[in-house]
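Chemist: The structure that follows is given in the form of structure tokens.
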Amino acid sequence: KTKDTEQPKESVILKGGQNWDDVVNANTTIMNHKINKAKKTIKQTASKYSNPLIVSFSGGKDSLCTLILVNETITDFKILFIDTGIEFKETVDYVKDTINRFGLKNKFIYKTSSGDFWEGLKKFGPPARDFRYCCKTLKLSAVTEAISENFNETIINFTGQRRYESIPRSQEKLVWTN
């Protein structure tokens, strides 16, 4: 039963007759291992450097996972969200709601990009995998500004990147300098 309705919780039946609870239970050991390994890496990285720590939070599943892991592991960090100007209203609302739900408003840095996607589109055409001008003009410039406005030194940035997203990401070290 759920708290809100006191009705029996529906369970989605998966192929083979399993439900999501079965899937979660079957993977608990491996998930706990991965969670503990990630938290150990976060703790080691945070203790190795004296630089300020931030979590880049886009509102996506990977950055949410990173935010949760960092929040459960260390206390002294900030959260950075870049509003590129082409974010869906629902994404921005979700990011703000998540920050509030976790009680992290005092750690939240919200930066709006000064770039204009639509002007870039007129000038350069659609962005492409090998020509991602929009990332540079909308995200990276805003990140640089946010960091220089809020920190007087180099920062350590926890990001939610997965090795399986692309070949270049699969070749990245766990910790790198940018």
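Chemist: Taking the conditions exactly as written (in a strand (DSSP E or B) and open to solvent by less than 100 Å² (accessible area, probe 1.4 Å)), does residue 82 satisfy them or not? Walk me through it before giving the result.
Modeler: Values: in a strand (DSSP E or B): yes; open to solvent by less than 100 Å² (accessible area, probe 1.4 Å): yes.
Criteria met by residue 82.
Chemist: Considering the range 153-171 alone, what residues qualify as being part of a loop (DSSP other than H, G, I, E, B), open to solvent by 70 Å² or more (accessible area, probe 1.4 Å) and at pLDDT 75 or above? Walk me through how you get there before you give the answer.
Modeler: Initial filter on the range 153-171 (part of a loop (DSSP other than H, G, I, E, B)): 153-155, 159-162, 166, 171.
Checking which are open to solvent by 70 Å² or more (accessible area, probe 1.4 Å) leaves us with 153-154, 161-162, 171.
Within the range 153-171, 153, 154, 161, 162 meet the criteria.
Chemist: Now a separate question. Mind telling me which of the residues 148, 141 ends up being open to solvent by less than 70 Å² (accessible area, probe 1.4 Å) and part of a helix (DSSP H, G or I)?
Modeler: Details: 148 fails: open to solvent by less than 70 Å² (accessible area, probe 1.4 Å).
It is 141.
Chemist: Condition first: open to solvent by 70 Å² or more (accessible area, probe 1.4 Å), at pLDDT below 85 and more than 24 Å from residue 173 (Cα to Cα). Now tell me which residues in the range 109-130 satisfy that. Even if it seems obvious, please write down each step before you answer.
Modeler: First, the residues of the range 109-130 that are open to solvent by 70 Å² or more (accessible area, probe 1.4 Å): 110, 112, 114, 116, 118-119, 122-124, 126, 129-130.
Next, from what is left, pick out any that are at pLDDT below 85: 116, 118, 129-130.
Hits for the range 109-130 are 116, 118.
Chemist: Can you tell me how many residues in the range 102-153 are touching a Gly at 6+ places or on another chain (Cβ under 9 Å) and of a type outside the set (Asp, Glu)? Steps first, answer last, please.
Modeler: Of the residues in the range 102-153, the ones touching a Gly at 6+ places or on another chain (Cβ under 9 Å) are 112-118, 127, 131, 133-134, 136-139, 141-142.
Among the residues that remain, those that are also of a type outside the set (Asp, Glu) are: 112-115, 117-118, 127, 131, 133-134, 136-139, 141-142.
Count: 16.
Chemist: Among the numbered criteria (1) at pLDDT 65 or above; (2) not in a helix (DSSP H, G or I), which single criterion is violated by residue 38?
Modeler: (2)
Chemist: Please pick out the residue among 24, 70, 92, 55 that is surrounded by fewer than 16 Cβ atoms within 10 Å (Cβ to Cβ), within 24 Å of residue 142 (Cβ to Cβ) and of a type outside the set (Gly, Ala, Ser). Don't jump to the end; show me each part of the working.
Modeler: Values: 24 fails: within 24 Å of residue 142 (Cβ to Cβ); 70 fails: surrounded by fewer than 16 Cβ atoms within 10 Å (Cβ to Cβ); 55 fails: surrounded by fewer than 16 Cβ atoms within 10 Å (Cβ to Cβ).
One residue alone meets the criteria, 92.
Chemist: Would you confirm, using the coordinates I've provided, whether residue 133 is under 18 Å from residue 63 (Cβ atoms), surrounded by 10 or more Cβ atoms within 10 Å (Cβ to Cβ) and of a type in the set (Phe, Trp, Tyr)? Lay out the reasoning, then the answer.
Modeler: Numbers: under 18 Å from residue 63 (Cβ atoms): no; surrounded by 10 or more Cβ atoms within 10 Å (Cβ to Cβ): yes; of a type in the set (Phe, Trp, Tyr): yes.
The answer is no for residue 133.
The values are calculated or read from the model by the stated rules, or taken from the named source; none is laboratory data. Since we're looking at a predicted model, the values are computed, not measured. Ideal geometry is used to build each Cβ from the backbone, glycine not excepted, and the neighbour counts take in all protein chains shown. These area figures cover heavy atoms from the full protein model, side chains too; ligands, DNA and RNA do not enter into them. Shrake-Rupley method; radii C 1.70, N 1.55, O 1.52, S 1.80 Å.
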